[in-house]
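Structure first, commentary second.
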Amino acid sequence: MKINGAIFDLDGVLLDSMFIWDTLGETYLKSQGIKPRDDVRETLRPMSLLQAAEYFRYEYGMLESVQEITDGINNLVERFYFDLVKPKLGVIEFLDELKEKNVKMCITTATDRHMVDAALRRNRMEQYFEKIFTCTEVGHGKDEPNIYLQALEFLGMKKREVYVFEDALYAITTAKKAGFSVAAVYDSTAQDQQTRIKELSDAYITTFQKIKVELPEFD
């Protein structure tokens, strides 16, 4: 894998955490005494936390403010990020190799900043990343390319020098349409989408163990 810069998703790529988010919408609605619709998981999958809160207000008639809803959702998952979540197998060794080769790295994530910071700090991973971009702070979800373009601008590189590491089909689709090379990372929560993910991606990673990193030569 030839690479000068890396834009990493967090959940399902760096952290083994997607299973928490996979059922979170249902869990939150049930905690509010609301019966979730059958399609709620698929509907929420491409949304940022802010978008999900707006969706709950519009589609389920919730009277709470967007901020109150996002706070309620965050309360359900905070302990997981602060105390429990772990890196995916081989991630630390892979990040060590990238750092050794002076590859610039940043994170783009739909997870809110305070939980990102807590999880990275507890797992001693913050040292690898020069900047973190969250969908909430950028103001766009990963169904739009804005967060990747801001990360690219920060890295100060051309798209051909950078890989985007993602596990979700919708995010991979967005990055590819924006002209990025994408390394898809397998996560069991997206099992039913793996065929399409493989077709779209420039590289497919089942595990971060024993991946050879090469630095490209550019004119």
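The values are calculated or read from the model by the stated rules, or taken from the named source; none is laboratory data. All of these numbers come straight from a predicted model, not from anything done at the bench. Quick reminder, even Gly has a Cβ in these numbers, built from the backbone with ideal geometry, and neighbours come from all protein chains shown.
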Query raised in the report: Within segment 150-167, is there a residue that is of a type in the set (S, T, N, Q), farther than 14 Å from GLY12 by Cβ and in contact with a strand residue (DSSP E or B) (Cβ under 9 Å, 6 or more places away or on another chain)?
Result: yes
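Kindly indicate which of ASP192, ASP167, ASP143, ASP117 is within 25 Å of ILE73 (Cβ to Cβ), among the charged types (D, E, K, R) and crowded, with 19+ Cβ neighbours inside 10 Å.
Result of the check over ASP192, ASP167, ASP143, ASP117: ASP167.
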Query raised in the report: Which one is nearest to SER201 (Cα to Cα), of the residues in segment 151-164 that are of a type outside the set (A, V, I, L, M, F, W, C) and crowded, with 18+ Cβ neighbours inside 10 Å?
Result: TYR163
Report task. May I ask you to verify whether TYR81 is within 16 Å of the chain's Cα centre (by Cα) and more than 17 Å from ILE7 (Cβ to Cβ)? Result -> yes
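Okay, residues lined up against (1) in a helix (DSSP H, G or I); (2) charged (D, E, K, R); (3) over 24 Å from THR189 (Cα atoms); (4) not assigned by TED's automatic domain parsing to the domain that holds GLU161:
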residue	(1), (2), (3), (4)
VAL13	no, no, no, no
LYS30	yes, yes, no, yes
GLY33	no, no, yes, yes
ASP38	no, yes, no, yes
ARG41	yes, yes, no, yes
GLN51	yes, no, no, yes
ARG57	yes, yes, yes, yes
LEU63	no, no, yes, yes
THR70	yes, no, no, yes
Query raised in the report: What number of residues in segment 1-35 are in contact with a Pro (Cβ under 8 Å, 6 or more places away or on another chain), surrounded by fewer than 16 Cβ atoms within 10 Å (Cβ to Cβ) and under 13 Å from TYR60 (Cβ atoms)?
Result: 1
Query raised in the report: Across segment 72-104, what is the total count of residues that are outside any helix (DSSP H, G or I) and either without any contact (Cβ under 8 Å) to a residue 24 or more places away in the chain or surrounded by fewer than 20 Cβ atoms within 10 Å (Cβ to Cβ) (or both)?
Result: 5
